[in-house]
Each structure stands twice: as structure tokens, then as C-alpha cells.
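As C-alpha cells, the structure follows; a few thoughts come after it.
The values are calculated or read from the model by the stated rules, or taken from the named source; none is laboratory data. Not measured: the values here are computed from a predicted model. Note: ideal-geometry Cβ built from the backbone for every residue, glycine included; neighbour counts use all protein chains shown.
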Amino acid sequence: MILISQRLRLAPMQIQDIPEVRAIEIDVFPSPWPGNAYHRELTGNRSAHYQCLWREDQIAAYGGLWVVGEEAHVTTIGVRRSEQGRGVGRTMFCALVNRAYELGANFISLEVRPSNEVAIHLYDSFGFRILGRRRGYYTDNGEDALVMWSDLIHAPRFKAHFLHVAGSLEAEGLGPLPDPGWPGR
């Protein structure tokens, strides 16, 4: 039995986590990544950074991003079905935003299905805006993808909101939060 009061713990995704990540992915996404994608990401993509959010001895959520230059691009966030609606996705997203700060990014981008209103609301609550659409992006049904971008993540409004949300999380392993001032101050 999973209790909501059990503390969450973040850790980098490891090779041995892939079978559990894949099981979650197959359960919650209509078009999961190919079976070897996570292995390739962890072993062959120097721009890739993946994390797992654990509750006790099972993965509650996972997520990843690529950092290239000043952009961090969220590649995926998956939340175990039994954990949905409990703030786990918000915690995972905060972990990715924090990782973007740690890696020196200035902006964050992502794609999301227009039908995924919960995710759109989460990203919108962080100040992300829809700046484009990729027609027929999702292969399972040809659904478009909305392209969302953050403002400058070092801007006072964005950073203040992020620090407020991150400070309210009860998760171990989030790492040091960014300084509330502008970089270089």
C-alpha cells in the first residue's frame, strides 16, 4: 500500500531503473518510447539528464531533459497511475527545472498534447506559454503537439515562483536551489 505521507526521494535514473520506468511508460502513455530509448539516453547522450522520483521502494515518477547551450528541453515526464493527482508530477517537474538551473540553462522548452489539460495547467502555472504547434507530432493518433517555452528562468518572477513551489515540496534529493538573485550577483 502506498501512503501519501511517505517521503519522496529524487535520484538520477540508473540502468537498473529502466524496466520499472518502461512499465510506467507503457501504462500511462498511448505511444511509449521504443524499448531501448532510455538505455541510449543514459549511456550515449551527454546532453541527457534523467531522474526518478521514488516513494519507498518504487518509482513514483520519472522525467528527463536535454540541455544544449542555454536551452533545457523537457523530453518526458511520466507519473505512475496510482500517484497521479497527488502532486508527484509537480515535484518531478520542479526537479527538472532545478536541474536546468544547475546546468546553466536560461530557458526551458517542451511539447505537450493539447488533450493533456492537467500537464498544460501545470506548465502554465510556472509561466510557460504556448509558442507553437507541431502538426501530427504524436504517432499513435496524429495529434498535434503544443510547443511551450518558459520565460528567462533567471527572471525575478519566474525564479520567485519556482523557489516558492520548490520550498514547499517534501522531497529529498532536490539539490541546492538557485540563488534568488540574478546570476553573477
- Flagged in region 1-35 as assigned to a helix (DSSP H, G or I) and of a type in the set (A, V, I, L, M), in numbering order, are 15, 18, 21, 23, 24, 26, 28
- Evaluate region 14-35: report whether one residue or more is in contact with a Ser or Thr (Cβ under 8 Å, 6 or more places away or on another chain) and over 25 Å from residue 118 (Cα atoms). yes
- Give region 36-67 a look and list any residue that's assigned to a helix (DSSP H, G or I) and exposed (fewer than 14 other Cβ atoms within 10 Å of the Cβ), or say none. 39, 40, 43, 44
- Query: Is there any pair linking a residue in region 54-83 that is among the polar types (S, T, N, Q) to one that is modelled with pLDDT under 95, with Cβ under 7 Å and at least six apart or on different chains, and which?
  - Reply: 82/2
- Sort out which residues of region 1-45 are over 21 Å from residue 81 (Cα atoms) and at pLDDT below 95, and write them in order of number. 36
- Task: Scan region 68-89 and give yes if some residue there is surrounded by 13 or more Cβ atoms within 10 Å (Cβ to Cβ), touching an Asp or Glu at 6+ places or on another chain (Cβ under 7 Å) and within 30 Å of residue 56 (Cβ to Cβ), otherwise no.
- Result: yes
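Taking region 68-84 as the search range and keeping residues that are outside any loop (DSSP other than H, G, I, E, B), over 27 Å from residue 46 (Cα atoms) and not acidic (Asp, Glu), which one is farthest from the chain's Cα centre (by Cα)?
The first filter runs over region 68-84 and keeps only residues outside any loop (DSSP other than H, G, I, E, B), leaving 68, 71-79, 81-83.
Subsequent filtering for residues that are over 27 Å from residue 46 (Cα atoms) retains 81-83.
Now narrow it down to the ones that are not acidic (Asp, Glu): 81-82.
Values: 81: 16, 82: 18 Å.
Going through the qualifying residues, I end up with 82.
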- Result of the Cβ filter at 9 Å on region 157-181, keeping first residues that are over 23 Å from residue 12 (Cα atoms) and partners that are polar (S, T, N, Q), at least 6 apart or interchain, is 158/150; 161/125
- Task: Check region 130-150 and report whether any residue there is without any contact (Cβ under 8 Å) to a residue 12 or more places away in the chain and either touching a Leu at 6+ places or on another chain (Cβ under 9 Å) or buried (at least 16 other Cβ atoms within 10 Å of the Cβ) (or both).
- Result: no
